[in-house]
Structures are given as C-alpha cells and as structure tokens.
Amino acid sequence: MDYNKYLDEILTSLIHEDGSDLHLGEGRKPAVRINGELIFISNKEILKKEDMLSLLGIFLGKEKTTKFLEDKEVDFSFSFKGNTHLRGNAFFQRGSICIAIRLVPKAKSFEELNLPAILKTFAMKKQGFFLVVGPVGQGKSTTLSTMINYINKESTTHIITIEDPIEFVYSQDRSIIDQREIGLDTNDFPLALKAAFREDVNVILIGEMRNNETMSAAVTAAETGHLVFSTLHTNNAPQTIDRIIDSFPANQQEQIRLQLASSLVGILSQRLIPRVTGGRIPAFELLINNNAVSNLIREKRTHEINTVIETSSEQGMIDMNRYLVELVAKGEITLESAYQYSFNPKALERMF
C-alpha cells in the first residue's frame, strides 16, 4: 500500500466533507466525524498492525515512533499539504495501535464563527485571566485562536502560546507571536510560564491547564500585568471556579481564591449544537467578573453566580438558557436540542 497516497485520500475527503476528526485503528476500518457523528469509510480495508506502524511513521518519524512503542501514548501535530494543520494522539487499546486525529481549522473571524462581539473587548484588555470552558470537541481552541488572531491584527504586542501540541499556526501581523510546543521548545507548562516572565510578554495562551502548578502560574501572570488565556474541561462558570480552587491543597485554597477573585476577567462556556439546516452552531454562557461576582468568589458563594449571570445581561453577560431560546426562535436549532444542551432544563422550560 502507498501510505502517503492513502492518507492523502482520507484527509482530502475529511476536509472536503467539513469533518472534524479521523480515527485509525488496528482491526477496523477508518472512521471520520462529520457534524458530530462518526462515519466508517466503507470503501477502505480494515487496518492491520503493519498499516498502523507505517502510518505512525508518517506522522511521527522513526525516532518518535520507537518512543511511542515504549511510552504507549503520544501527542503530535502534523502539517498536510503545507496549509492544513492536524493534531493527534496515538495510543494502545487491548494491545492494538489507535490514532485519533483532529483537523485544526484555520483561524476565522468572530462573525464567521458566530461568536459574541463582546469577546473583542476581552481580547483587548491589558491584563487578566480569561477562560474558555466546555467538554472536548466544543470549539474552545477555535474560539481562543480567533481572539489571539484579533489581538495580532489590532495591537502591537508580544504574544506567547504554550501548547501540547501546537494547534493553530499564526502569521505575524502587528504583533510578535512566539509559539512554544511542549517537548520540542520547552519541557513543561510551568517551566514555560515562569520563563515567559523574562521574555517581555504581554499575552499568554496556555493550551490547557492540567495541574495546579500551571494554574497557580497562570493566575500569578494575570495578576502581574499579563493577559492570560486558557481552557478547562468544565461545564460552566461556577464549576470552573470551584475546579481551580479545589485542585489546590486545603492550606493554599484561600490564597488562590483571593487571587482568582481579583485576576479573573471572564469565563466563556460554549457548546456546538446541531443546526436545523446542517452543521453545528455555538451556544454560550458568559460570566464577566464584576464586583458582585468577585465578592461571591471571595465569600465561597460560587453557587450564587448563576443568578448573577441570569440577571446581568445589560452588563454583557450571557445566560445559556436565554441564548438557547433565541436560537430556537430564529429556527437555528430544535426545541429538543435546546433541552439537551441546557445547563438547567427546568428553568429553560419556564422560558417557553
């Protein structure tokens, strides 16, 4: 088999069908994810172990493939035809090799992605901590890439991204953008964050906050005059705040609570919902950290934050249920989808 040609055919099809992911696994046919649904490619043969090793060699090279066989899992990025970026993870299941690949879309505008215009104000802040949260595959990285690209085009600043692996590749415009990949350009997130303080940086993008050491460094960076962006796999704003605080030992939680109350500027939670006309459309919850929210964080009353969001639309906050109601009214999504993706279906029912 000509494996380069094989990949070329599959990835070209994935891009043409506006798919998001490709799954390759020993003992099964390749599958693609289109509009959230997995579809097996029926005209391709079941992949064997030698096929998977050959495909790994294309993605990783000989040295990294050998290391993968020792470590049993690896993250990687891959450029296809010079203008399409992919990120992937290779792993074992029941002794068989599998590869999951995500197609990284090119950075788009706020309008193209149906993002709230208010996000532009967060992109232009001089300092603070802004998080985009939600489950895997809900477009968090895409939203952040749009915000970073907006900064790149609108201001003269120094941006550093710390990622594992690098997802979106930016072209410098008015800003300087330095992209650092874990394992290639730096050993880990905390080290790269500490080094950033000595690199005359204004904006820091942390691909994902995986431990409290990274969270602590991120909050400190936001406190000391930097604009920091990152993601977490949490559902909504109150849960995100609690997750950050609870990740620290009990004797450190009060300190991080106070730091978070003062440095946080906002939390955007988003979901990609099936569109009536095909494809998916985003829905959002947006928390803006005002005096009321800051006090609730300090006073350990994060469970009351949802009420603030629901009653503060005039300040720019976005309530997920109200956003879902608007999408249903516009005919963008079905009522069933609105209930499925609502954080509080009982409250949503009272709005119809």
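Read the figures in this text as sums done on the coordinates, not as results from a lab. None of the values given here were measured: they were computed from a predicted structure. Every residue, glycine among them, receives a Cβ derived from its backbone with ideal geometry; neighbour counts consider all protein chains shown.
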Would you compute, from DSSP H runs of 4+ residues alone, the mean residue ellipticity of the chain at 222 nm, taking -39500 (n - 2.57) per run and dividing by the full residue count, rounded to the nearest 500?
-11500 deg cm²/dmol
Other residues with Cβ under 15 Å from the Cβ of Arg271 give, with Lys and Arg +1 and Asp and Glu -1, a net charge of -1
Checked against the positive end of the charge dipole of the stretch 3-104 (+1 on Cβ of Lys and Arg, -1 on Cβ of Asp and Glu, about the Cα centre), the farthest of Ile34, Leu55, Ser13 is Leu55
What does the convex hull of the Cα atoms come to per residue for the stretch 3-104, in Å³?
96 Å³
Convex hull volume of the chain per residue (C-alpha atoms, cubic angstrom):
156 Å³
Would you order Ser79, Ser342, Ser42 from fewest to most other beta-carbon atoms within 10 Å of each residue's own beta-carbon?
Ser42, Ser79, Ser342
To the nearest 0.05, the calculated FRET efficiency linking His303 and Glu63 through their beta-carbon distance, R0 being 45 Å, is 0.35
How high is the relative contact order of the chain, in percent, with contacts defined as C-alpha pairs under 8 Å that are six or more residues apart?
12 percent
Loop-resident sites, the stretch 60-148, for GluC sites (Glu not before Pro), counting at most 13 other Cβ within 10 Å (DSSP)
Glu111, Glu112
Apply 1/(1 + (r/R0)^6) to the Cβ-Cβ distance of Ala117 and Asn295, taking R0 = 45 Å, and write down the FRET efficiency to the nearest 0.05.
0.95
Are there trypsin sites (Lys or Arg not before Pro) in the stretch 296-349 that DSSP marks as loop and that have at most 14 other Cβ atoms within 10 Å, and which are they?
Lys300, Arg301, Lys330
In nanometres, what is the gap between the two model label sites at Asp185 and Ala100, each 7 Å from Cα along Cα-to-Cβ?
2.5 nm
Read phi for every residue in the stretch 86-100 and hand back ³J(HN,Hα) as whole Hz from Karplus 6.51 cos²θ - 1.76 cosθ + 1.60, θ = phi - 60°, with x for Gly and Pro.
10, 10, x, 9, 9, 7, 10, 9, 6, x, 10, 7, 10, 9, 10
Using θ = phi - 60° and Karplus 6.51 cos²θ - 1.76 cosθ + 1.60, couplings along the stretch 22-33 (whole Hz; Gly, Pro as x):
10, 10, 10, x, 4, x, 8, 6, x, 9, 10, 9
Label model pair Glu349, Phe91: point-to-point distance (7 angstrom along the Cα→beta-carbon line) in nm is 3.6 nm
Report the extension gain between His233 and Gln252 in nm, rounded to one decimal, defined as 0.36 nm multiplied by the number of residues separating them, less their alpha carbon distance.
4.6 nm
How big is D for the stretch 239-305, in µm² s⁻¹ as a whole number, if Stokes-Einstein is applied with the Kirkwood radius of its Cα pairs at 10 °C and 1.306 mPa s?
118 µm²/s
Qualifying GluC sites (Glu not before Pro) for the stretch 268-352 [loop in DSSP, other Cβ within 10 Å: at most 15]:
Glu299
Could you check what % of the DSSP bridge pairs in the stretch 119-349 are antiparallel, to the nearest 5?
30 percent
